[in-house]
Every structure is written in structure tokens, then in C-alpha cells.
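The values are calculated or read from the model by the stated rules, or taken from the named source; none is laboratory data. This one's a predicted model, so the numbers in the text were calculated from it and none came from an experiment. Every residue, glycine as well, gets a Cβ built from its backbone with ideal geometry; the counts of neighbours run over all protein chains shown. Just the protein is used for accessible areas: all its heavy atoms, side chains included, with ligands, DNA and RNA removed. Shrake-Rupley method; radii C 1.70, N 1.55, O 1.52, S 1.80 Å.
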Amino acid sequence: HELTERLAWRPSLRVELRLHGIRNLFYAAVFLALGVAMPHGLWALALAVILGTELIITLIDFVEEDRTRALPPSERVTHTLLALNYGVILALFAPVLLAWVAAPTGWQLVFWGWPTLMMVGAAFGVAVFGARDLAAARRLGRLKRPASGDLWAEGGQRQHVLVTGGTGFVGQRLVAALVAAGQEVTVLTRDSKKAAGLPVPLRVITDLAQIADDEKVDVVINSAGQPVADFLWTARYRRRILFSRLRMIRAIERLIGRLEVKPQTFITASAIGAYGVSGDHPMDDYSPLEDDGSFSYRSCAMIERAATRVAASGVRTVALRIGLVLDTEGGPLARMLLPFEFGLGGPFGEGRHWMSWITRDDLVRLIGHVVRTPMLDGPVNATAPRPVTGEGFAKALGRALHRPVLFRVPATLLQKGLGDLGREIFLGSQYVLPTKAQGTGFVFRTRRIEAAFAELLGEEEREEPRPAPKGVLAFD
């Protein structure tokens, strides 16, 4: 639940977090009281009031969760099991508690052995999470996420935009921006249920065959594909990563081939892995590519070669070489927040590798810029103008969260435990510059990692000087 839903970083869930925080502090009191003492009289009555109040909070929490978000099946099952478990405990405990209430007011300290140790440990754990949830609820009030409509330039011609992967991490924000800007949007998704949370009006299809030959599609934006870092890179999962992307590009190629009026623009997601995974020198959109034997390079090269077949049909084609996409709602930053919040975060390996990144909102804005800029074609780097080292990234995140950065994840652990996934994704070094984007007038709203964390985490920006690789001038 904590890892998948990331409640502490979703502004719409402030009330739910407050309920969780209060309930966790109640749990801490109950666990501590039952672990080390037998309360009698008024103290036992207070314990009964806390247990009863917990029931009320839980019922309110159920209503709030259903109101603000679609609960995943696993969470609903967990809630049901916990509710049944809690009911059984109360039924067994009620006679004992009533006897304690009838006794003279006071405390009787006890030590039950390992159960006492477990209860004290549980009290500490829920107290920490309760304090964290209440602090997170206060922090969410400072998060000012830009309106979706601000990400897509208003005015100009209304276009029909087909988005594949519209229910993904980037796709959801992109679709919201398109809809808010008044564009006609069609979303292709394998699971129409996932599209239920997308803004309206839009059209949802599950197969490109649902688009008629005489239908006019102005822009196709392809962000579909198997997630790269969700599972180990076994031979089978590598095939899924690659084939999911190639199949989609081929399907789009067939669609364009049968449309009576071809789209003006086709944009497909690639990645900065096209530059390899061990580069410390600056690379821009015009830099020659060298095969370093990595899966990242090979997969990006195949994706971009497949896209050139669409370009051969006369459609302007852009391959966005996307860096690390930062936002609290998904991607690498969302996975890092929990350990960093509890002071357990740190850089991967020695932290000397370069990380080329972009905020999700700037990525959506850049996609809009590509659509409106006919001179852009071929590869376009989608990264902020100031890459940062792994150590600089970790320190900046720690400062933004007001947490120390005391630990490191050993490189050998990542390489042996995750194999090529660890070596290429977590330890890969790429210093990538957005020359084409900036050369055609695109202005990044977020240029420095400190500004990115300040924006995304609702904190004041703090900056420390960072080194740049040789040959890079210290200006954007």
C-alpha cells in the first residue's frame, strides 16, 4: 500500500492522511498500554474510548478513500481482512476490558516476554508512521501543482491527437493537458478500465482498427510500452520491453498507411540510453551514437530505426530521447521518496555517474513544443539543461526533505543483485544536453535539480555548486 499508492505525495488525499496519522497514534497508545501494563478504572475507560474512536475513524476513512481514489483490489481485500481481524480481537478483549473498567483506577505494570517486546516495537513503528502521515498532510498543503491546461499552449488550430500509453505515468499528465487545452483526444489502451480516471471529454479505444480510414488524425504520440525498471531484465522480460514498443510502432505504421489523410506529426518515446550507459562527456542531439553493447543502446536503436519507416511515408517523425522523468506520482523519484523520508536514502555506488533528468510537466510541455515546431524532426533530447551527478541528486533530495544522506547503495550489490538492470539504469552515466529543443526556442521551467525538488516537494529551493564535466561551460 505504501509503495504502490504513495499517499504521502498526492495532494487530493490530505484528509485521508490526517485520518491515518491520528489512527496510527491511537494504535501506538493501545499497543504500548497493552504491551507493558494493565490499565484499570478510568485508564481502562480511556482505552475503551480510543478503541471505539478508532472504529469511527476507520469508517470515515473507508468513505474518504472511496470518494477520492479508486482502491486497488489488493487494498480492498486487505481492508476486509483487517476489519474482520479487528472485530474478532474486540470481541475477545471486551470482557477483559470491562473487568478492568470496573476495577479501581490505576496501572499494573507487566512484562509478557516476547509479546511485550513485539507490542513495544509495534507502538514505535506506528508512532513514526503516524507522525510522518500528519507531517505529510501539512506538506501537501504547500504543493502547488500547475494546472494541466498550462502545459499545452492555448490558441491555434484544434487538432485531433491520438495518444498511445495514455494511462501511463507520462501519458496521464499528457492527456490531461491536451483535454484541458481543448484538443480532440483519442486514447489507445489495452485496459479501458484504466482510462476511467482520465479527464473528459475524450475517446477511448482498445484497438487501432477502431479508427476509420477516412478519419482525420493530426498528431500521433506514442508512449506505450512495457515498464523498463519494474522487473529484473531476464531474457523474457527484455523481449517484452522491446517487442511491446516495436509492435506498437508497427501498428501505428499500418494505421498511417491506411488513413486517407496522413497525420502531420508522429512522436515516439525513445530514451537517452541511445547514447550508451558509460558516458561522462557531453552528448547532444547531433552526437554520433556508438554501440557499447548495452541493452539500453540496442533497444533504443531498434525503436528509432522502426520509427524511420514512419518517416519514410512522409510523416514528420520525432524520437524523443527521454531522460529520468521526475514527479512524485511515479517514476524513479516516487520510488526514492520513502527511504529518503526516513533518512535511509543515498546515492547509488560512488555517485559519480551523471543523471540526465526532466520533470514530467516539462516533458509534456516539450511534447507540445515539438508538435508546434515543424522544423524539429529526428532525435530530440528530452532532458533538462543541467544534468547532475548521482551524489548531487541524492544530496539535493535529502536537503529538500530535510533529511541526512548517510548511506550508499553499493555498486556491487546493484550489479550482482539486479544484473544489467542495476548497471545500466541505476549506475549508467549520461550527460545529455537538449540542444535542439533550446535551439528552437523551448524554455524549460525547471532547469536545476534543486528547483525541481522545490517544485515537486513543496519546499524552498536550496542550491549548492556542482561540478561539470570537462568541456562544459557553466551556463544553460
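In the context of the full set of protein chains, segment 133-222 has a per residue accessible area of 46 Å² (1.4 Å probe). When 194, 416 are compared by accessible area of protein heavy atoms, the largest-first order is 416, 194, using a 1.4 Å probe. DSSP beta bridges confined to the chain are antiparallel in about 15 percent of cases.
Peptide packing for 417-423, 445-451 was compared via the average number of neighbouring C-beta atoms within 10 Å per residue; ordered from the highest value, the list is 445-451, 417-423.
Once the Cα-Cα distance is subtracted from the 0.36 nm per residue extended length, the residue 290 to residue 403 segment shows a gain of 36.7 nm. Looking at segment 316-413, the DSSP beta bridges with both ends there are about 25 percent antiparallel.
Order of 317-323, 106-112 by packing, highest average Cβ count within 10 Å first? If you can, show how the numbers build up before the last one.
Working: 317-323: 24.3, 106-112: 11.0.
Result, highest mean first: 317-323, 106-112.
Taking each residue as 0.36 nm, the span from residue 96 to residue 190 lengthens on full extension beyond its C-alpha to C-alpha distance by 28.4 nm.
Give the calculated FRET efficiency between residue 308 and residue 209 to the nearest 0.05, with a Förster radius of 22 Å applied to their Cβ-Cβ distance.
FRET efficiency, residue 308 to residue 209: 0.35.
Phi angles across segment 313-327 convert, under the Karplus curve 6.51 cos²θ - 1.76 cosθ + 1.60 with θ = phi - 60°, into 3J(HN,Hα) values of 7, x, 9, 4, 10, 10, 9, 7, 8, 8, x, 5, 8, 9, 5 Hz, Gly and Pro given as x. Distance from the Cα centroid of segment 242-262 to that of segment 143-216 is 18 Å (rounded to whole angstrom). Counting only protein heavy atoms and a probe of 1.4 Å, the accessible surface of the chain is 61% carbon and sulfur.
Note on the chain: Cα-only Rg and Dmax are 26.1, 89 Å.
Note on residue 344 and residue 150: the model spin-label points, each 7 Å out from Cα along the C-beta direction, lie 3.5 nm apart.
Taking every protein chain into account, the 1.4 Å probe leaves residue 27 with about 60 Å² of accessible area, to the nearest ten.
Counting only protein chains, not ligands or nucleic acids, how are 402, 353 ordered by accessible area (probe 1.4 Å), most first? Don't skip to the end; give the middle numbers.
On the way: 402 100, 353 20 Å².
These residues rank, largest area first, as 402, 353.
Label separation (residue 42 vs residue 116): 2.6 nm, computed from points 7 Å beyond Cα along the C-beta direction. Ligands, DNA and RNA excluded, the heavy atoms of residue 324 present near 50 Å² of accessible surface to a 1.4 Å solvent probe.
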